[in-house]
C-alpha cells in the first residue's frame with residue numbers, strides 16, 4: 001500500500017505492513033519544502049486502542065523517515081505530520097486515513113490536506129522543479145501506479161491457475177517502482193503483487209536494493225499468505241550520492257518452504273531530472289512445488305546491474321526461521337573466474353603426490369571460504385555453535401564460477417584455529433546457476449527445479465575413440481546406463497547425430513561419457529567423433545538440445561575424463577550447467593577439472609548403483625559420500641572432489 005498526500009508544506013508517503021496478526025509498523029516518509037538538517041516534524045497516528053507519535057529530525061536530504069508502532073494491524077488509522085511553525089489541529093499540514101488488514105478490503109482510503117499558504121507554481125514547458133511541485137507529481141504518479149497495480153491484480157486473479165502435470169502451482173506476480181526514475185536523496189516505493197496463494201501456503205518475498213542505488217528503509221522481507229491482500233509495499237531511500245545517468249537493478253525474490261520459486265527484476269535509472277526513460281513494470285510466473293523437502297539453508301546470490309563479476313547481493317534463509325533483514329552486498333576483490341583460477345593455480349601446477357594435492361585443495365578451499373559472503377559465514381557458524389549445523393545447503397546463484405562445494409570453513413577462536421570438512425563433504429550440497437532472464441517455466445538461478453522426477457528412460461552419448469584416445473571404461477559405462485534405464489544410444493556420436501537425436505528423444509536422463517578438455521576462460525569442450533567437439537556456446541544454439549530440455553526436463557550427467565592424466569586442468573562446468581539449466585534440465589552433474597578415466601567410471605557406477613538401490617535417497621547425499629573419498633588420511637584422490645552437483649541437494653529420482 002502506498003499513499004502520498006501533499007499539504008501546505010509537506011508530502012507524506014506511507015509504507016504500512018498490515019498483513020499479519022499482532023502490532024503493526026507504519027513507515028512514514030515526509031519531504032517538505034525547505035526542510036533541512038535541523039527541521040523537526042511531529043508524526044502521529046491514531047486508531048484502535050492507542051495513539052502512536054514521534055518527533056523526528058530531517059536528514060541532509062530533507063527527507064524524514066520514521067516508523068510508528070501501532071497497537072494492531074487491523075483497523076483504520078489516521079496519520080498526521082506537522083512541520084515546524086504549524087500547530088496540529090483542524091487543518092494539519094498533511095494527513096490521511098488508511099485502512100489496514102481486514103478493513104482494507106471494505107473501506108476506501110480518504111485523504112485530507114490544508115491548502116493555505118500554497119502558491120501555485122508558474123506554468124512551464126518542462127517538468128516543474130522544486131520540492132512541492134515534485135511532491136505533487138509524485139502523488140499523481142503514485143496514484144497512477146496504484147491504479148495500474150489494481151488492474152493487473154484483477155486481471156491476474158481472474159485468470160485460471162491450475163497445477164502442471166508435475167503438481168506445480170503457478171502464481172502470476174508483478175512489481176512496480178514509483179517513481180520509476182530515481183532521484184538522489186529521494187524515496188522509492190516498490191509494490192510487489194501476486195496471485196493469492198492456495199490455502200496453507202505462504203510465499204516469502206525479499207527486496208534487493210543494490211548499494212549503488214540506496215538502501216531499504218523498512219523491513220527488507222515479508223510474507224504473502226492466502227488470507228492476505230496479495231500485495232506488499234517496500235520503501236527505500238535513494239543514496240544522495242547515487243550517480244545521475246546510472247542504472248540499478250531492483251529485484252524481488254520469492255520463496256516457498258525455503259526453496260526459491262521465482263524472481264522479478266527491473267532496471268531503475270538514476271537521473272537529476274525526470275526525463276530519463278522509465279522502466280517497464282516487471283512481471284513473471286512463480287512456480288511452487290507443494291510438498292517439496294526444504295533445505296536447511298538457502299543461499300541466494302543475485303548480480304547487480306554492473307554485471308562485472310564482482311558485485312552481488314546475498315541472502316541466507318534458514319529453514320523454519322522468520323524472514324530475515326533481506327539481501328546484503330557481497331563484493332569480490334576480483335572477478336569470480338579470475339579469483340577461482342588464482343586460488344586453484346597451485347592445485348593444477350606440476351606433478352604432486354596425492355597427499356600434496358589434497359593439502360593444496362584444502363588450502364584453496366580455506367581461501368575460497370574466506371571470500372564467501374559474510375552473512376553466510378555468520379549464519380553457518382551460529383548454527384554450528386548452537387549444536388544444530390545444517391544437513392543440507394542449497395546455493396542458488398547468478399554467479400556460476402565459484403565452487404562452493406570446495407569451500408573449507410575455518411576460523412580462529414581463543415582456543416586456537418578450527419578447521420571443518422569442505423561444504424560438499426560435511427553437508428548434502430547443491431548449486432543452482434543460471435540467468436534470471438530465462439523463462440521461469442524452464443529454469444534460472446532463482447527458480448528451484450522439480451525436486452522429484454524419475455530417470456526412467458535414458459539417452460547415452462558415448463563417442464568411440466581410437467589410438468591413444470581410446471577409453472577403456474566407456475563401453476562398460478554406456479552398457480550400465482542402458483541396463484538400468486533402457487533408452488537410446490546416439491551413434492555415431494557426432495554433432496549432427498546428437499542434434500537430430502535429441503530433437504526426438506524422450507527420456508529423463510542424458511548421460512555423456514567421453515573426453516573433455518579445457519579452453520579459454522575455464523570453458524569446457526566435449527570431444528565427439530570425427531574430430532568434432534561440442535562447446536557450451538554451441539550447446540546454447542543447438543535446437544535439438546533445447547527442444548529436449550524443454551520437453552523432458554532431464555537429469556544430465558557429463559562424465560568427461562582424460563586418459564593418462566598427469567595433473568588436473570581446470571575445465572569449469574558452469575558453462576554447460578547454465579546452458580542445460582536454462583533449457584529445462586532439473587540437475588546437471590559435471591567435473592570441475594579433468595578427472596582420471598578410471599575414477600570417472602567408478603563415480604558413475606557408484607552413483608547409478610546407489611540410485612537403483614534406493615531411488616528415494618537425495619542426490620546431494622550421494623555426491624556428499626563420493627566427495628569424501630578425496631579427503632582421506634592417506635591423501636585420497638582429487639578426482640572424487642571434482643564432481644559438482646548443480647541441482648536441489650534434496651532432489652530424488654523416486655519417492
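The values are calculated or read from the model by the stated rules, or taken from the named source; none is laboratory data. For clarity, every value in this text was computed on a predicted model and none was experimentally measured. Note: ideal-geometry Cβ built from the backbone for every residue, glycine included; neighbour counts use all protein chains shown.
Miscellaneous remarks
- In summary, residue 438 fulfils each of the numbered conditions (1) out of contact with any helix residue (DSSP H, G or I) (no Cβ under 9 Å at 6 or more places or on another chain); (2) at pLDDT below 95; (3) in a loop (DSSP other than H, G, I, E, B) with the single exception of condition (1).
- The one condition in (1) modelled with pLDDT of 95 or more; (2) under 29 Å from residue 488 (Cα atoms) that residue 409 fails to fulfil: (2)
- Answer residue from the stretch 293-311, given it is surrounded by fewer than 22 Cβ atoms within 10 Å (Cβ to Cβ) and at pLDDT 90 or above and is nearest to residue 247 (Cα to Cα) among those: 311
- Scan of the stretch 487-509 for residues that are in a loop (DSSP other than H, G, I, E, B) and either surrounded by fewer than 19 Cβ atoms within 10 Å (Cβ to Cβ) or outside the structural domain of residue 586 (by TED's automatic domain parsing) (or both), ordered by number: 491, 492, 494, 506
- Flag if residue 585 is modelled with pLDDT under 95, in a loop (DSSP other than H, G, I, E, B), under 24 Å from residue 456 (Cβ atoms) and touching a helix residue (DSSP H, G or I) at 6+ places or on another chain (Cβ under 9 Å): yes
- Set side by side, the residues 208, 250, 238 differ, and just one is under 22 Å from residue 318 (Cβ atoms), touching a residue at least 24 places away in the same chain (Cβ under 8 Å) and touching a strand residue (DSSP E or B) at 6+ places or on another chain (Cβ under 9 Å), which is 208.
- Every listed requirement among (1) under 19 Å from residue 314 (Cβ atoms); (2) touching a strand residue (DSSP E or B) at 6+ places or on another chain (Cβ under 6 Å); (3) crowded, with 24+ Cβ neighbours inside 10 Å is met by residue 397 save one, (3).
Listed here are the residues, each with its yes/no results for (1) modelled with pLDDT of 95 or more; (2) under 24 Å from residue 426 (Cα atoms).
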{"position": "325", "(1), (2)": "no, no"}
{"position": "344", "(1), (2)": "no, yes"}
{"position": "349", "(1), (2)": "no, no"}
{"position": "354", "(1), (2)": "no, yes"}
{"position": "361", "(1), (2)": "no, yes"}
{"position": "368", "(1), (2)": "yes, yes"}
{"position": "395", "(1), (2)": "yes, yes"}
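- Test: residue in the stretch 279-291 that is surrounded by fewer than 18 Cβ atoms within 10 Å (Cβ to Cβ), touching a helix residue (DSSP H, G or I) at 6+ places or on another chain (Cβ under 9 Å) and at pLDDT 85 or above: yes
Conditions (1) closer than 23 Å to residue 319 by Cβ; (2) buried (at least 24 other Cβ atoms within 10 Å of the Cβ); (3) under 19 Å from the mean Cα position of the chain (by Cα), marked per residue:
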residue	(1), (2), (3)
181	no, no, no
184	no, no, no
201	yes, no, no
213	no, yes, yes
234	no, yes, yes
242	no, no, no
254	yes, yes, yes
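- Hits in the stretch 593-631 - residues which are more than 27 Å from residue 294 (Cβ to Cβ), out of contact with any helix residue (DSSP H, G or I) (no Cβ under 7 Å at 6 or more places or on another chain) and outside any helix (DSSP H, G or I): 593, 594
- Residues being within 16 Å of residue 549 (Cβ to Cβ) and either assigned by TED's automatic domain parsing to the domain that holds residue 599 or touching a strand residue (DSSP E or B) at 6+ places or on another chain (Cβ under 8 Å) (or both) are entirely absent from the stretch 468-486.
- Residue list for the stretch 620-638, restricted to those being free of Cβ contacts under 8 Å to residues at least 60 places away in the same chain and in contact with a strand residue (DSSP E or B) (Cβ under 9 Å, 6 or more places away or on another chain): 622, 626
- Looking across 184, 197, one residue alone is touching a strand residue (DSSP E or B) at 6+ places or on another chain (Cβ under 6 Å) and closer than 15 Å to residue 257 by Cα. It is 197.
- Qualifying residue in the stretch 502-523 (condition: at pLDDT 95 or above, over 24 Å from residue 608 (Cβ atoms) and out of contact with any strand residue (DSSP E or B) (no Cβ under 8 Å at 6 or more places or on another chain)): yes
- The stretch 217-230, residues that are outside any loop (DSSP other than H, G, I, E, B) and crowded, with 21+ Cβ neighbours inside 10 Å: 221, 222, 224
- The stretch 237-253, residues that are outside any loop (DSSP other than H, G, I, E, B) and closer than 10 Å to residue 183 by Cα: 237, 238
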